[in-house]
Amino acid sequence: MAYRLYNAPQSTCSQRVRFVLNAKGLPFEEIKLNLLEGDQLKPDYLKLNPNGVVPTLDHDGAIVTDSTVITEYLDEVEPDASFTPEDPVVRARMRTLMHFIDEMPAAAVRVPTFNLAFLPKFQAMSRDDFVAMAESKPLRREFMLAMGQTGFPKEEMDAALGRLRRSYERMDTEIGKSGGPWLLGKDISLADVTVMPALVRMHDLNMADWRDLPRVATWFDNIRAHKAFTPTYYHGSLLSERFPHLKATIAKSA
Ligand SMILES: N[C@@H](CCC(=O)N[C@@H](CS)C(=O)NCC(=O)O)C(=O)O
């Protein structure tokens, strides 16, 4: 049984999958794509993942895409150290949360990420090259064009930060309802793995806005103490490690 993961170190969706593989102790071959150089848009990769995004899992030739689908797939084919509640009602709640997370924090976190980390790369391009690059993206064309080469305006940034804040409040409510320490109670689930990279990203950007929510603060400490965390976040997985210019931005905003 061989697993090959096409992914990128700093990609939040990839980090979800690496976490589950590491937690289950499954060896995998890691193919690292350079997203800023457009590896995800090359014809051979698009045959595997027509959305032109990472991650993609190749399991002995079976191709599985979309991080939440991949983590559910892994939990089905490798049920040891399960991340899926047995009770179908709790399982449904987990999936509801996973949908919420993909729509809210996972989408919102792209705005500060692109504005703070990736924009300098796009600003260095000619207008024609930038538009051609944006238009070559199957899934993120409109997102890239909306950002443009000047970045998302303040209103967009504020809206994204508001959506993130509401997501932390929702986490706080869910942990309170379930009794914690995880979103669905005493066991970690795929919902926790799904939201993890958004909080790690905001913490890395020095924008962790959950310090007044002790249940979320404890949740964050717990996930960072999980045995799968360090192998998942190897050096180069944090934006501050990959982009030196970010250190100055972060220092200014601190
Ligand atoms: N719904 C997809 C989204 C994947 C996604 O957006 N991946 C980003 C990295 S986190 C990507 O590959 N971006 C490349 C690009 O925008 O060109 C999933 O969860 O796998």
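The values are calculated or read from the model by the stated rules, or taken from the named source; none is laboratory data. This is a predicted model, so every value here is computed, not measured. Using ideal geometry, Cβ is built from the backbone for each residue, glycine included, and neighbour counts are taken over all protein chains shown. The accessibility values were calculated without ligands, DNA or RNA, using every heavy atom of the protein model including side chains. Shrake-Rupley method; radii C 1.70, N 1.55, O 1.52, S 1.80 Å.
Given the DSSP H assignment, sum -39500 (n - 2.57) over each helix run of at least 4 residues in the chain and divide by its residue total; what's the result at 222 nm in deg cm²/dmol, nearest 500?
On the way: 15 runs with 144 residues, N = 254.
Result for the chain, helices only: -16500 deg cm²/dmol.
Please work out the average accessible area per residue across the range 16-95, using the 1.4 Å probe convention, and give it in Å².
Numbers: 3880 Å² over 80 residues.
I get 49 Å² per residue for this part.
So if I place +1 on the C-beta of Lys and Arg and -1 on the C-beta of Asp and Glu, and nothing else carries charge, what would the dipole magnitude of the chain be about its Cα centre? I want it in debye, nearest 20.
Details: 31 positive and 34 negative charges, 137 e Å.
For this selection, approximately 660 debye.
Please identify which residues in the range 103-135 have an amide N closer than 13 Å to a label point set 7 Å out from the Cα of Arg163, following the Cα→Cβ vector.
Counting only backbone N, you get 103-114.
Calculate I(q)/I(0) for the range 1-99 by the Debye formula, one identical point scatterer on each C-alpha and no solvent, and give its log10 at q = 0.18, 0.20, 0.23 Å⁻¹ to two decimals.
Here the Debye-derived log intensity ratios amount to -0.83, -0.99, -1.22.
For the chain, what is the largest minus smallest coordinate of the Cα atoms on each principal axis, given in angstrom and ordered from greatest to least?
54, 46, 30
May I ask you to order 106-115, 90-99 by the average number of other C-beta atoms within 10 Å around their residues, highest value first? Don't jump to the answer; show the numbers that get you there.
Details: 106-115: 20.3, 90-99: 16.3.
Most protected by this proxy first, the peptides run 106-115, 90-99.
Keeping to pairs on different chains or 8 or more places apart, tell me how many lysine pairs in the chain have Cα atoms under 16 Å apart. Mind dumping the intermediate values first?
Values: Lys24/Lys227; Lys32/Lys42; Lys42/Lys137; Lys47/Lys137; Lys121/Lys247; Lys177/Lys186.
Lysine pairs, 8 or more places apart or on different chains, close enough: 6.
Among His59, Ala117, Ala107, whose Cα projects farthest towards the positive end of the dipole of the range 38-134, with charges put on the beta-carbon of Lys, Arg (+1) and Asp, Glu (-1)?
Ala117
Determine the share of the range 22-149's accessible area contributed by carbon and sulfur atoms, expressed in whole percent, with a 1.4 angstrom probe.
Details: 3400 of 6430 Å².
After summing per-atom areas, the C and S share lands at 53 percent.
About the Cα centre of the range 1-46, what is the dipole size in debye to 20, counting +1 per Lys and Arg Cβ and -1 per Asp and Glu Cβ, all else neutral? Walk me through the numbers before you get to the answer.
Values: 6 positive and 5 negative charges, 47 e Å.
Around 220 debye, computed over the range 1-46.
The range 1-32 to the range 200-233: how many Å between their Cα centroids?
If we compute the Cα centre of each part, the gap is 20 Å.
For the range 182-254, what number results from the quotient of the Cα radius of gyration and 2.2 N^0.38 Å? Write out the running numbers ahead of the final one.
Details: Rg = 13.3 Å, N = 73, 2.2 N^0.38 = 11.2 Å.
Relative to the rule-of-thumb radius for its length, the range 182-254 sits at 1.19.
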